[in-house]
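First comes the structure, then the notes that go with it.
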Amino acid sequence: MLKFLKGVVGSGGGIKDLPYNIGEPYSTAWGGWTHCRGTSKDDNSAVSIFSYAGSNAQDGRLAAARNGAKRLRVVRHPNVLVFLHSTEAEMVEGSVVKPTIYLVTEPVMPLADKIKELDLQGTQRDEYFAWGLHQIAKAVSFLNNDCKLVHGNVCLASVVVTPTLDWKLHGLDVLSEFDGGNPAATGPMLQYDWLVGTQYKALELGKSDWATIRKSPPWALDSWGLGCLIYELFSNSKLMKTEELRNTSSIPKTLVPDYQRLLGSVPAKRMNSLKLIDNSEFFQNKLVETIQFMEVLNLKDSMEKDTFFRKLPTLAEQLPRPIVTKKLLPLLASALEFGSAAAPALNPLLKMGSWLSQDEFNSKVLPTVIKLFASSDRAIRVGLLQHIESFGGGLSTQVVDEQVFPHVATGFADTSAFLRELTLKSMLVIAPKLSQRTLTGSLLKHLSKLQVDEEPAIRTNTTILLGNIASHLNEATRKRVLINAFTVRALRDGFAPARGAGIMALMATTEYYDATEIATRILPHLVVLTVDSDSDVRTKAFQATEVFLQAVKTYHSKLNAGDSSTVTATAVTASTTTGLLGWAVNSLAPKQRVGDHVTAPSESTSVANNTGNSSTSSVEASAPLPIAPLSNSFLHTDEAAPASPTSTDGWGDAQDNGFAHDNDEDEKDGWGDMDLPPDPVPALARIRAAQMKPVTTTTTAKITTKPGSTTKTSLDVRETMPKSSSADGWGNEDDPWAAIAAPPPSTTVRALNSSGGSAVSRATSAGSGAPRVRQAQHVTIDGAGSGRGRGRSAAPMKLGAQRIQRSAD
């Protein structure tokens, strides 16, 4: 037969009127049909192609095949094989013309072959058989009760299985209308009953007792066929004789009573297939109930869905693995994609997907996950970010850059601190797949803003992330970003773990700094932290200082030896930074599963596990924050974000004037292509202003009086540093940071003139100190404004030197 088909279709794998390619045949098929694999010529999608070649134009079997193709075209039911295309061609073999019918359907394979392939045993086998019988019983019930049709040949060979392991009824060649209501009918009701094997015929059909058949209910013949199907399923053998149906040893005990009622000797008393579905205890198992719930998911309320999806991960482990991955997983993916399933369904989807191979995961699960990134449901976005490590490796660079990152980036500006933190952590997986344009033009802008976030845990993790993705930045961007981000911002953060993360990030990226940068831009900031109030920060600062100082010494030695090549600290710190990658990865690992309830921890516990070992130290957010905006009451003045000096970009504004190189434009402007960080909230602005600690000025009024001359008033202006600077042990005069501090405000003050001595006397009468003179402050001279009666106004202020008239005495 296969040689004949190949001769018919030719070497091209198809015929003129058949837009499909015919592949290899299966070993079994029903009723003389040849069942072959096939593909569409248009999109290469899989199909099944059934063919029957008649011996001549008057072949009776050919007429039955035409009847089966016609019936399959018009009968539509979820559990009946789906018709796609059919055609008939006349092929010449020698001198004989053989008409051939081609019937194209959805891709299926014979049930007998699928059972061997799955090789299920015990309870899992019985659960899967129960689900399959449930589907075939529904198809038979549809034909008998709704359409008043009789299939006439229900058996193992007339059942096929789809790629999703659904059972479908086919072999409709014998299908006929039930004419029991026509008393005048005398001939055979089934025109092609001779196609039915003797072992499958009911007692009345074997005797051709059409009168009894017409008096029986429409389901009588097909109920007998269901009994034959049950026997062949559980005995794992083809029925050879009708007497074999009496053997019930292989049939489950819960199914035996219904099995015996299906095979009743009296046709009128046989069990209707509809009652078999509704009443049989055999169909009440976990697999059947789970699939039935998924199929009517749109009719369930949100509480039922939530309860079901929270139990599904545990339940899926108890079900047959092939049925879970091939049946439940597609149903779940479809429900999530079209919105009938909520966020709790994401966890079982990813868990079931983990049981697939990487290729299967990329084809069956990943497309749905990519579409979910565009969802506006915050709970779904949280679930995706929490599990991104499980599927991020399968995302292509183009998909991440064009479809995933634009949606994920919206989380950077979310009002929920928890979602901002998850978005930040997800960049450890996403950033390596981004293009340089997206990295420098979008991601680094968001990270610049997160470095001044109100949550200290987010600021700390931002520094950690920058240290991890530094290798993915180009050299120009690293020169402009890393030192500014790690020193001016991280090392000056009011939160101790953030300062520690800055030190560790510097040590992790030592290969990107030359000796000049180390000496002028890194070491000065590290040395200051050796007297930090936090012991862990001091320890790390000493270790980092030693490492970078050794790099500068190496550079000095090379210069003395006549080698002026650029020196980095890579070789010196090879052993120190060995465990840093693990530190950063661990601190960014997600710690909560989708669907778990989140409680709001205090800020003091949001960053923890900070040890003193520089190679394995980690700074972690111990518990993620809830999905809700945090109140400003969670902030502490000693944990506020560092003040961002005024500039026009993200990190370039934090450049130290004292260590900037005039001939290095990149270092002057920092992140020239970055946007300004968002304006802080009022409470945060006050905290940042307190951290800036600007230089203040103290003015002392000095009065010089000479007899017979004009009294001269001058202002002694002195620069004073904040009190906190002296607490660190640095004096006002020998503070090494005074040279790079912000320049003090202008101290040029013109003397105020007075027509009398009252103002001068008030200035000198304050024994504790001289009064401050503020710029543009209105000063009333000569007491002219002391009275504020109606109609009177204060005397105008007189500026400039004026003579003071003194009395003779």
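The values are calculated or read from the model by the stated rules, or taken from the named source; none is laboratory data. Here the structure is a predicted model, which is why all the values come from computation and not from measurement. Here the Cβ positions follow ideal geometry from the backbone for every residue, glycine too, while neighbour counts run over all protein chains shown.
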Of all residues making up region 34-44, the number that are without any contact (Cβ under 8 Å) to a residue 60 or more places away in the chain and touching a strand residue (DSSP E or B) at 6+ places or on another chain (Cβ under 7 Å): 5
Of all residues in region 202-221 being without any contact (Cβ under 8 Å) to a residue 60 or more places away in the chain and within 16 Å of Leu175 (Cβ to Cβ), which is surrounded by the most Cβ atoms within 10 Å (Cβ to Cβ)? Ala220
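Condition check ((1) at pLDDT below 95; (2) closer than 19 Å to Phe83 by Cβ; (3) among the small types (Gly, Ala, Ser); (4) not in a helix (DSSP H, G or I)) across all residues:
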site: Thr123; (1), (2), (3), (4): yes, no, no, no
site: Val140; (1), (2), (3), (4): no, yes, no, no
site: Asp173; (1), (2), (3), (4): yes, yes, no, no
site: Asp179; (1), (2), (3), (4): yes, no, no, yes
site: Leu190; (1), (2), (3), (4): yes, no, no, yes
site: Trp194; (1), (2), (3), (4): yes, no, no, no
For region 258-288, how many residues meet the condition of being surrounded by 14 or more Cβ atoms within 10 Å (Cβ to Cβ) and either touching a strand residue (DSSP E or B) at 6+ places or on another chain (Cβ under 8 Å) or in a helix (DSSP H, G or I) (or both)? 15
Quick check, is Trp224 hydrophobic (A, V, I, L, M, F, W, C), part of a helix (DSSP H, G or I) and crowded, with 16+ Cβ neighbours inside 10 Å? yes
Restricting the first residue to region 463-477 and requiring it to be not assigned by TED's automatic domain parsing to the domain that holds Ala490, which pairs with a second residue that is crowded, with 22+ Cβ neighbours inside 10 Å and basic (Lys, Arg) meet a Cβ separation below 6 Å and a spacing of at least six or different chains? none
Taking region 50-63 on its own, how many of its residues are surrounded by fewer than 17 Cβ atoms within 10 Å (Cβ to Cβ) and in a loop (DSSP other than H, G, I, E, B)? 5
In region 64-101, the residues that are assigned to a helix (DSSP H, G or I), surrounded by 14 or more Cβ atoms within 10 Å (Cβ to Cβ) and among the aliphatic types (A, V, I, L, M): Ala64, Ala65, Ala69, Leu72
Pairs under 7 Å by beta carbon, first residue farther than 12 Å from Phe405 by Cα in region 427-440, partner at pLDDT below 95 and of a type in the set (Ser, Thr, Tyr), six or more apart or different chains? Thr440/Thr477
On the basis of being part of a helix (DSSP H, G or I), modelled with pLDDT of 90 or more and over 20 Å from Asp514 (Cβ atoms), does Lys553 make the cut? no
Keeping to region 376-423, report how many residues are closer than 19 Å to Lys351 by Cβ and either of a type outside the set (A, V, I, L, M, F, W, C) or under 9 Å from the mean Cα position of the chain (by Cα) (or both). 15
Inside region 230-257, can you point out the residues that are part of a helix (DSSP H, G or I), in contact with a Gly (Cβ under 9 Å, 6 or more places away or on another chain) and not hydroxyl-bearing (Ser, Thr, Tyr)? Leu233, Leu245
Of the residues in region 429-446, those that are over 18 Å from Ala413 (Cα atoms), aliphatic (A, V, I, L, M) and part of a helix (DSSP H, G or I) come to Val429
Just the residues that are touching a Pro at 6+ places or on another chain (Cβ under 6 Å) and farther than 19 Å from Glu90 by Cβ, please, taken from region 30-68. Cys36, Lys41, Ala46, Val47, Ser48
Let me spell it out: the conditions are (1) assigned to a helix (DSSP H, G or I); (2) out of contact with any strand residue (DSSP E or B) (no Cβ under 6 Å at 6 or more places or on another chain); (3) surrounded by 14 or more Cβ atoms within 10 Å (Cβ to Cβ), and Lys116 meets all of them except one. Which number is the exception? (3)
Which residues, counting only those in region 395-406, are surrounded by 17 or more Cβ atoms within 10 Å (Cβ to Cβ) and either of a type in the set (Lys, Arg) or part of a helix (DSSP H, G or I) (or both)? Val400, Asp401, Val404, Phe405
Would you be able to say whether some residue in region 240-247 is more than 57 Å from the chain's Cα centre (by Cα), of a type in the set (Asp, Glu) and buried (at least 18 other Cβ atoms within 10 Å of the Cβ)? no
Quick check on Arg420: is it assigned to a helix (DSSP H, G or I), out of contact with any Lys or Arg (no Cβ under 8 Å at 6 or more places or on another chain), farther than 26 Å from Thr487 by Cβ and of a type in the set (Lys, Arg)? no
Would you mind telling me which numbered condition in (1) under 17 Å from the mean Cα position of the chain (by Cα); (2) closer than 26 Å to Thr530 by Cβ Asn461 fails? (1)
Pairs under 9 Å by beta carbon, first residue aromatic (Phe, Trp, Tyr) in region 288-305, partner not in a helix (DSSP H, G or I), six or more apart or different chains? Phe293/Lys300
Exactly one condition in (1) buried (at least 20 other Cβ atoms within 10 Å of the Cβ); (2) out of contact with any Lys or Arg (no Cβ under 6 Å at 6 or more places or on another chain) is false for Gly500; which is it? (2)
Please specify each residue of region 350-370 satisfying the condition of being assigned to a helix (DSSP H, G or I) and either of a type in the set (Ser, Thr, Tyr) or in contact with an Asp or Glu (Cβ under 6 Å, 6 or more places away or on another chain) (or both). Ser363, Thr368
